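Working notes, structure below.
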Amino acid sequence: MADILTLHQISLTMQGKTLLKNINLSVPKGAYITLAGPSGAGKSTILKICARLLSPSSGELLYQGKNAFQMPPQEYRRHVSYCFQQPVLFGETVSDNLDFPFQIRNQDPDRNRQQELLDQVNLPKDYLTKSIASLSGGEKQRVALIRNLMFKPAILLLDEVTTGLDAQNKQIVHQLIADYRQTGTILAITHDPDELAQAEKIITVKGGQINE
């Protein structure tokens, strides 16, 4: 199966400190790969480079064989979507967040699609008008995830998205990820035993390097 994302000899040095050293990682289309390792090992840094939130000091990031850093950022992020450990919502209401994926594509919001995804994460329709300030941590994470999935990206980057969630919220998020996985590619970071068990391949990162 062809690789959809490739990191070739990626290194990153910031303020004189080497965070990543010669990272080589191939992500085949349709794969579910999990990065494991101790805190501070460089896992999130790898994911942020894949999301183009950080630029490497050297090396190449290829998306479908092309230099990812030569693609317009907005276009790249339609294909490769990053989910933060702490959900980042903006505006005032849930609809401000769920309308955004349509707005950047110059489309009218599809209320049916929004309702479909709200149903998937056990949130009622009237949550569209709900203030984001009134949401629990679990509700914020669910809204952030379905915002990322409103238009299914080719790759979903998951940075410990179930950390701090209760068992019920974890189960809802796990189901959403399982549904996405049928057609998408996942590169994830987690310490959750259930999520580690779901991964097809676990890659250990230690001291800014990959230990196969």
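What is the chain's relative contact order, in percent, from Cα pairs under 8 angstrom and six or more apart in sequence?
Details: 368 pairs, mean separation 67.7, N = 212.
Computed value for the chain: 32 percent relative contact order.
Note on the chain: antiparallel DSSP beta bridges, both residues inside, total approximately 55 percent of the bridges counted. Coupling constants for region 38-45 follow from the phi torsions by the Karplus curve (6.51 cos²θ - 1.76 cosθ + 1.60, θ = phi - 60°), and in residue order they are x, 4, x, 6, x, 4, 5, 5 Hz; glycine and proline get x.
Cα convex hull, region 3-211: 124 Å³ per residue, rounded to a whole number.
Counting only alpha carbon atoms, the long axis of helix 111-120 and the longest principal axis of the chain meet at about 70°.
Under 5 Å from the amide H of Leu35 lie the amide H atoms of Ala188, Ile189, Thr190, Ile203, each residue being 5 or more positions distant or on a separate chain, with H modelled from the backbone and absent for Pro and chain starts. With the charge dipole of the chain set up from +1 on Lys and Arg Cβ and -1 on Asp and Glu Cβ about the Cα centre, the Cα lying farthest toward the positive end among the listed residues Asn112, Gln64, Leu156 is that of Gln64. Here the spin labels are modelled as points 7 Å beyond Cα on the Cα-Cβ line, and at Ser134 and Leu196 they lie 4.0 nm apart. Placing unit charges on the Cβ atoms only, positive for Lys and Arg and negative for Asp and Glu, gives the chain a dipole magnitude near 540 debye about its Cα centre.
Since every read-out is calculated from the coordinates, none of them should be taken as a lab result. Since the structure is predicted, the reported quantities are computational estimates derived from the model, not experimental observations. Backbone-built Cβ (ideal geometry, glycine too); neighbour counts: all protein chains shown.
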